[in-house]
């Protein structure tokens, strides 16, 4: 959310407010590379959408091409690191009040470089009113899109691509926002869009929808009647008045009419019997706040009942509410939720969307970009560029509230590969990746926010150190610090701003912010060095393992995996040790491990299982680079291969902390193959396959995995899933239910978390699970 | 509707207006005999109900007990007429604004004589607020009744007992009101009561109902928000403002948002997209009229959609709207009807009730009177005492509108015997008694209203003449004239005031007004004299008929029936002749008849039928007294008896014009039996049965017949129905479809009607119909 001097009364819709200043890199970002445009002008808010190609640096690795000269290799890094420019596609959505439309169009015209685009997709009522202004300013032909089609395409898009998009609102519980994991099958659903008026649409498939009802009592009514009654012209101020009002001074309640509850009809005493029922016969004046609150209740209750009736008529149990009337306002969401629960006796669920205002613009854009077939790609929210759910709740500080009313942003990055469910998930609809919901668990939230704030200095230093020869590294690093610090403060204030707050979302936000300021992979050099050291130790480790008896070897292999996992720069305790003692080696790590019995210890069952027939195919999700992958994972992989089990080794598509990336794993495998015939032949015969997860996070969402990986898992009939590391196996997937055997193992390198789980620093989780029959 | 000086601002609900003067015999009538009380105090209107025993004069006939002295009988009237006092039960319902409640309670206290009643049933919200005031004033204990139960009991009562209770409202067509005949099976239905708030109830049986939904956006909202927006405090004035407003100045229409209709969603351009949508961004002030209209549309549309959704959810196609918000206001009814049609695509019908305001009071009263089991009786509206649907439409003259806002009355008389459908009706739900709907047929309306106005003098003279020895007959006759004249003017202005306007309702209203001023049977002496004359001619007529050949006799019998029917004092042309030429005899009447072929002539089919097997049992509805019954009907009955057909002769329960009453028919039959063995033995062996129809009208509603008659019809397997006379066979039942053979015959004694039917004065209708296989 960008700060900008939005002065000017901005009162009347028609007179445009030109007094606004727009910091170029903050609101209409990357305009110079903007291609396709779409605009949705509603009764009161304008949403602009455009697609831009974003240049950003990506760390690349390439093995040196030198044949035979072993000696030099000894001290050479295993591969070359280079930084390359890559172009990825990004969608930008900006929301602002119609009063600023002319200023914004001027701004875009000035910054627009690419003249290729000839057309701008336009939807929403205003598209008609401002058609000439847009064409004159942008010299683009306005191509009108039907508003409902856009709303629905937009809704399908956010429901499919933004994990924590929909949420249930529970006023009095903490957190008020309970985010829903993405339902793999989003159809059919009911969309209730509350703009100036209300449209109720049944959405059956991507392209099939039907307008089933509507009402003229919508946002425009609240705004219009509110303005007449309270002489307050601004929509947000009206909502603000309402949040401080007492509707029972204005409304006739059931108890006012019947002296209490109405037994026979089962109506409680404080139900509203008649909105504004008291104002006809009462003589005294009513406060603005009370009238605004009564109006808000009247409209929300009505919409809630209509939606619920339509839902029941079409036997649908999920109703999504969109449109500018909601805008994350607690009072509105609470009344609609109350009304739906009341009229459906709890059978229908009211769901709200984090990005409800953008649906039209997203849809219009997708309509325009149809030939690029955007639906075949997966998209991910760029936390760095998005302003997050800005509930203008009263508790919000004045600064936030001012901004919330001015500019809202959403950025979505097109992922290179489409993401799908892991086919081995027991019940996709109920799968929740994150173990702890920080929006829910206040204590944990407080700890982790502080933890990330304290770690920020280290990350900034790391970033600067990773680009020694860059002139502006320090300046960019400071911008990174400021941006991430602001995000953390927003999340302190509004934990639900980006959906459910989890350790994963905190980590991912940090990665996005690093990328934002061109620090794609701050650990590239560290990983390069550690991989080098580990590769040199590989033959020795393998020899010592082969010398052991079978049973002893299995325990050593597991210990190796666990010890390897200690080398996690992301973990606070470890990064401190590694900083101080560069020779902290593999053996020292093993000694640091907790003795058995581990905190979670199903090793004996695992050993018992190993005495049984070999698994057909094991899917292993690797964690850290260096000792972890080379001295922990590969020996374990080698053992599986020797038992006749095929192995799919899945590593991150993009860098995160010092986790191994897919491209690094290819080089490491190649070097290991050079030293070990078992790995060599497995690679040749494709019994060992290296794939990318489609993720660039230290954690793991099994419902958003690379399509290729999922296909392979199905093809090779994977019957064992191994998830390694605190991020992937504890912060996420600790409770994930799979349809096959699974092994979740990690060393707890965070004292607070260890205590939380009933253990101590370096406690061991070794969780082997077999699906119930 | 009583005129009364309702002065005083009556503005604020709480401060009571004592300045009202109440003419005792006009509003709270017959209080001195009032028994049970019930009161329904809503948010703005009070409805009082009480039950009184009404003394009124009834004409009785008794045959002279003289044995054997034939000679004296010659010049003596056939029977003795006497006037007796009879007590019948009447329900009174009075509606007025809460501001007059104290004045009314005082008035009742002063006039209350009967101290037997200890309790007053009370319902509606206000019952709680005014509880102490009522108990203090009336010294009756308030017994609170649940408002919804009362509403439903009241609704069931009016739907069952008031034929033209429900109507469909069609704004632009003439008439706007299309009344529905009573559906024999009124359950299940949806009742939407719009008081201060809205309650939607599914009514499944007399005692089983379920609150399915409701809304706080009801009458109280219109009144409350309206008062705030327009500073107009009185509900009716608000409605009046609305009727002169243009909502499109305030509302955002679909075309304002999308520049025209919305193709994909199929929404027409002038649909309201957002109520008050223009008032947020527009700078200019809005007129009170426009705001009131927009508010009215907003509320009516919303209620319409909710009702329609609930109706579809419970697969009901009839929705009745009640509650003070409607009150016959065209704008409200039109918007609700439009909304229901729009959202149900014409599958659900919006129905309004003539007496919607009274439902609560009627229900409360019935609840209190439960031990008398009011539901076992049938009730009929007393047109003389009821104020009729007073649509406060703008076109209404100021006088009417002033009254409409002050006092409304409804009176229901308990009929001695329960009324049911004639079992021989082909399809009861679609049976419509009246041939011409005068609310629909403006030309016919104009004619008949003028016809009844012109006949009024005659009726007044007749009434005075019928009570030569009464001192105040002239004064009462003038009051009758004034009352009936006012009714006719109301009907000129508001043809739909008492439901569908028909010749039947005009006739019945006149009978009620005559009864009101104690002229129960103005034609009693005329009938007595004519019966005497006819009885003396009976033997000669029978002899001449017996002398004819079979075929000739059948034609003579039919001609006799037709000629007899000419003697109808109700028919304008005939009453003029009878007045001038007292000796206008049976033969002269025959000669007046139209020669064959008659206007409608299925005599040959009838003759052909007579050659077939005799009918099992014929049900004959007789018309006039004197020559008609004695020289026309009885010879025809005699012929049927001789063929072996049983006969049920049905005559009016109460007097109407010079129609024969059941009690007169008993004496006439007795005297004829004395002269004719065929009739004598038939009476003895109960092959001839004399029954009462349950009606006191010159016309005939086959869906409201005496339960005894219906049972007899079923028991004797009646397979022929004969309906005689213009009132019963032309003004009503001309198109009635029966499940057995039927004979409808009449002489058209009204030139205008004859012309209308394509004939001339004294044209003959002889319609013999056989039901399709």
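Structure above, values below:
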| quantity | calculated |
| --- | --- |
| Residue in region A:449-462 that is under 27 Å from residue A:329 (Cβ atoms) and within 20 Å of the chain's Cα centre (by Cα) present | yes |
| Residues located in region B:735-753, provided they are under 19 Å from residue B:657 (Cβ atoms) and either in a loop (DSSP other than H, G, I, E, B) or in contact with a strand residue (DSSP E or B) (Cβ under 8 Å, 6 or more places away or on another chain) (or both) | B:745, B:746, B:747, B:748, B:749, B:750 |
| Of residues in region A:696-709 being crowded, with 20+ Cβ neighbours inside 10 Å and outside any loop (DSSP other than H, G, I, E, B), the one nearest to the chain's Cα centre (by Cα) | A:705 |
| Any hit, region A:294-315, residues being touching a strand residue (DSSP E or B) at 6+ places or on another chain (Cβ under 7 Å), surrounded by fewer than 20 Cβ atoms within 10 Å (Cβ to Cβ) and within 21 Å of residue A:155 (Cα to Cα) | yes |
| Residue tally, condition closer than 16 Å to residue A:213 by Cβ and within 11 Å of chain B (Cβ to nearest Cβ), over region A:324-343 | 2 |
| Subset tally (residues that are crowded, with 19+ Cβ neighbours inside 10 Å and under 23 Å from residue A:715 (Cβ atoms)) for region A:664-677 | 2 |
| Subset of region B:259-270 [facing chain A (nearest Cβ under 8 Å) and outside any strand (DSSP E or B)] | B:259, B:263, B:264, B:265, B:266 |
| Flag for residue B:434 being outside the structural domain of residue B:234 (by the TED database), modelled with pLDDT of 70 or more and within 15 Å of the chain's Cα centre (by Cα) | yes |
| Answer residue from region B:198-230, given it is surrounded by fewer than 24 Cβ atoms within 10 Å (Cβ to Cβ) and without any contact (Cβ under 8 Å) to a residue 12 or more places away in the chain and is farthest from residue B:159 (Cα to Cα) among those | B:228 |
| Of all residues making up region B:272-285, the number that are within 8 Å of chain A (Cβ to nearest Cβ) and without any contact (Cβ under 8 Å) to a residue 24 or more places away in the chain | 5 |
| Every residue from region B:501-519 that is on the phi < 0 side of the Ramachandran plot and outside any helix (DSSP H, G or I) | B:501, B:502, B:517, B:519 |
| Subset of region B:358-392 [within 18 Å of the chain's Cα centre (by Cα) and in a helix (DSSP H, G or I)] | B:358, B:359, B:362 |
| Residues that are within 18 Å of residue B:83 (Cβ to Cβ) and in a helix (DSSP H, G or I), drawn from region B:469-490 | B:473, B:474, B:475, B:476, B:477, B:480 |
| Top-ranked residue of region A:496-511 - restricted to ones that are farther than 18 Å from residue A:474 by Cα and out of contact with any strand residue (DSSP E or B) (no Cβ under 8 Å at 6 or more places or on another chain), ranked as surrounded by the most Cβ atoms within 10 Å (Cβ to Cβ) | A:501 |
| So residue B:256, is it within 11 Å of chain A (Cβ to nearest Cβ) and in contact with a strand residue (DSSP E or B) (Cβ under 6 Å, 6 or more places away or on another chain) | no |
| Failed item in (1) buried (at least 24 other Cβ atoms within 10 Å of the Cβ); (2) at positive phi, with residue B:686 passing the rest | (1) |
| Region A:413-446: number of residues that are in a loop (DSSP other than H, G, I, E, B) and in contact (Cβ under 8 Å) with a residue 60 or more places away in the chain | 19 |
| Boolean, residue B:728 is in a helix (DSSP H, G or I), touching a strand residue (DSSP E or B) at 6+ places or on another chain (Cβ under 6 Å) and in contact (Cβ under 8 Å) with a residue 40 or more places away in the chain | yes |
| Leading residue by the ranking (farthest from the other protein chains (Cβ to nearest Cβ)) among those in region A:149-163 that are assigned to a helix (DSSP H, G or I) and under 15 Å from residue A:386 (Cα atoms) | A:161 |
| Index of the failed condition, residue A:648 passing every other in (1) under 13 Å from residue A:622 (Cα atoms); (2) surrounded by fewer than 24 Cβ atoms within 10 Å (Cβ to Cβ); (3) modelled with pLDDT under 95 | (3) |
| Residues located in region A:662-689, provided they are over 16 Å from residue A:619 (Cα atoms) and not in a helix (DSSP H, G or I) | A:676, A:685 |
| Residues of region B:715-725 satisfying the condition of being on the phi < 0 side of the Ramachandran plot and either touching a helix residue (DSSP H, G or I) at 6+ places or on another chain (Cβ under 7 Å) or in contact (Cβ under 8 Å) with a residue 60 or more places away in the chain (or both) | B:716, B:718, B:719, B:720, B:721, B:722, B:723, B:724 |
| Criterion violated by residue B:640 - all others in (1) at pLDDT below 95; (2) more than 14 Å from residue B:691 (Cβ to Cβ) satisfied | (1) |
| Conditions (1) in contact with a helix residue (DSSP H, G or I) (Cβ under 8 Å, 6 or more places away or on another chain); (2) within 12 Å of chain A (Cβ to nearest Cβ); (3) surrounded by fewer than 24 Cβ atoms within 10 Å (Cβ to Cβ); number of the one not met by residue B:289 | (2) |
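The values are calculated or read from the model by the stated rules, or taken from the named source; none is laboratory data. Remember, it's a predicted structure, so these values are computed and weren't measured experimentally. So basically every Cβ, Gly included, is an ideal-geometry build from the backbone, and we count neighbours across all protein chains shown.
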